[in-house]
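Quick notes on the structure that follows.
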Amino acid sequence: MCQKLNYAEMSLQELNERSVEKEEQLMNLQMKLETQEQDIENCKKVIEKFYKIRQDACRGSEDEEIRLPNLLDNASCNDKCAYLYDDPIESWSFNVQGESSSANYVADLLQEVDMLRGSVDDLQKKLQKVRN
């Protein structure tokens with residue numbers, strides 16, 4: 001009888017340990033699920049933003065290839081992804097209303113840096129003259 005009781009206690013302890021392990025696994029899976037759900041929501045927000053940018057950029061476009069279909073606001077995220085994915089690569093230029101491209105922006109900044117360096121040099125020369 002004592003042997004059966006010991007066996008039952010060992011089995012119960014083993015089941016308890018397994019239960020604790022399963023609970024930990026479940027908690028880890030729940031945390032991963034929450035993280036993935038948040039990632040999916042963030043991706044959906046990005047897709048919505050890109051889709052809106054493309055719709056705004058394509059308004060009034062004469063080129064049928066780059067025009068996005070007029071979808072209702074309730075179009076699925078997958079439909080919007082498909083339209084964005086199938087866009088020709090040329091249509092992914094966001095120089096709307098004559099804005100500078102990033103390359104032009106960098107070039108302008110470099111030009112401004114050179115101009116500021118020249119101003120600093122001039123001011124340093126004037127400072128040296130004043131000190132003498």
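The values are calculated or read from the model by the stated rules, or taken from the named source; none is laboratory data. Only a predicted model underlies this, so the values are computations on that prediction, with no experimental measurement involved. So basically every Cβ, Gly included, is an ideal-geometry build from the backbone, and we count neighbours across all protein chains shown. Remember, those area values only see protein heavy atoms, side chains included, never the ligands or the DNA or RNA. Shrake-Rupley method; radii C 1.70, N 1.55, O 1.52, S 1.80 Å.
A few comments on the model shown:
- Residue 70 outside any helix (DSSP H, G or I), modelled with pLDDT of 70 or more and open to solvent by 100 Å² or more (accessible area, probe 1.4 Å): no
- In region 84-130, the residues that are open to solvent by 80 Å² or more (accessible area, probe 1.4 Å), at pLDDT 80 or above and within 30 Å of residue 42 (Cβ to Cβ): 85, 86
- Residue 18 vs. criteria part of a helix (DSSP H, G or I), touching a residue at least 12 places away in the same chain (Cβ under 8 Å) and surrounded by 10 or more Cβ atoms within 10 Å (Cβ to Cβ): no
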